[in-house]
Amino acid sequence: MEMINIALPKGRLGEKVYRIFKAVGYECPSIEEENRKLVFENPEKGVRYFWVKPSDVAIYVERGAADIGVAGKDILLEYAPDVYELADLGIGKCRMCVAARKEFYDEGSNTLRVATKFPRIARTYYSSISRDIDIIKLNGSIEIAPILGLSDVIVDIVETGRTLLENGLEPKVDIVPISARLIANKVSYKFKNEPIRQLVQAVSAWQPEEGKE
Ligand code: PRP
C-alpha cells in the first residue's frame, strides 16, 4: 500500500491533531514512544508522520514532501501556499487581532507603526480600511513592541488574551478567526485521492468527547 506522508506541527496543537488521527483509525504506536525521532510510520495503516515547525508545514505540503498536513489559518493567510484546504479541524482556535496599550487610540493622523510576525495579514487589513502603516517585522515576543515604544500597535494571535492583559495591552480589533486546517498537496490529492479522501472524511467526522476539546 502506498503511504500517506503527513506533516504535523510540532507542539501542543500537533499532539492534539495526532490524537484525533489516532482516534479515527490512523494510529502509529512508535510516535508515542519517548524519543527524539522526527519520522514515524505505520505501514499497516499506510501512514508516515513527521514533526515539523508549525510555520513550515505548508512548505512541506506545497512542495510535495508531505501529501497532507495541518496548519493554522494564520500561516495559510500569511504565506498563501498553493495547496488545497480540505477541512477545518475546529481545534487550535484563536483570533488574529490588532492590540495596543489600553490607553492607545488611533487618531489616524501619523503613519501607524505596526509590529507583527504577520506582515501580509497586517497589510491586507490596513489597506482594507485605507490606513497608512509602517510594518515592523518581528519574530516573537511581539507584545513588547508597544510597551517599549517600538510600535503603536501589534497584529498578533490572541487565544485567551492573558499575554495581552499581563502586559497592559488589550485587543482593539478582531481581524479574522483562526483554527487548524487540514491541507493537501495538489498533485498528491490527484494521485492518492482515495486514501486522502478517506482520511479527510474520517477526521472531519471526528467529534470531541464531552468536556474535552
Ligand atoms: C501566541 C501569541 C501570543 C500568545 C497569545 O504566541 O503570539 O504571544 O500566543 O496567547 P494568549 O492570548 O492565550 O495569551 P505563540 O504561543 O504562538 O508563540 P510565539 O509568539 O513565540 O510564536
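I'd like to check which strands (runs of 3 or more DSSP E) are fully inside the stretch 1-98 and have at least 3 residues that are open to solvent by 60 Å² or more (accessible area, probe 1.4 Å) and in contact (Cβ under 8 Å) with a residue 60 or more places away in the chain. Spell out the reasoning first.
Details: elements: 4-9, 39-42, 47-52, 68-72, 84-88.
Result: 84-88.
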Subset of the stretch 138-153 [under 9 Å from A115 (Cα atoms), out of contact with any Leu (no Cβ under 8 Å at 6 or more places or on another chain) and within 13 Å of the ligand (Cβ to nearest atom)]: L138, I142
Evaluation of Y105 against (1) of a type in the set (F, W, Y); (2) surrounded by 14 or more Cβ atoms within 10 Å (Cβ to Cβ); (3) farther than 28 Å from A58 by Cα (one fails), failing number: (2)
Counted residues, the stretch 124-178 - those being open to solvent by 30 Å² or more (accessible area, probe 1.4 Å), of a type in the set (V, I, T) and either under 17 Å from E78 (Cβ atoms) or assigned to a loop (DSSP other than H, G, I, E, B) (or both): 9
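The values are calculated or read from the model by the stated rules, or taken from the named source; none is laboratory data. Here the structure is a predicted model, which is why all the values come from computation and not from measurement. So basically every Cβ, Gly included, is an ideal-geometry build from the backbone, and we count neighbours across all protein chains shown. Side chains are part of the model used for accessible areas, which takes the heavy atoms of the whole protein and leaves out ligands, DNA and RNA. Shrake-Rupley method; radii C 1.70, N 1.55, O 1.52, S 1.80 Å.
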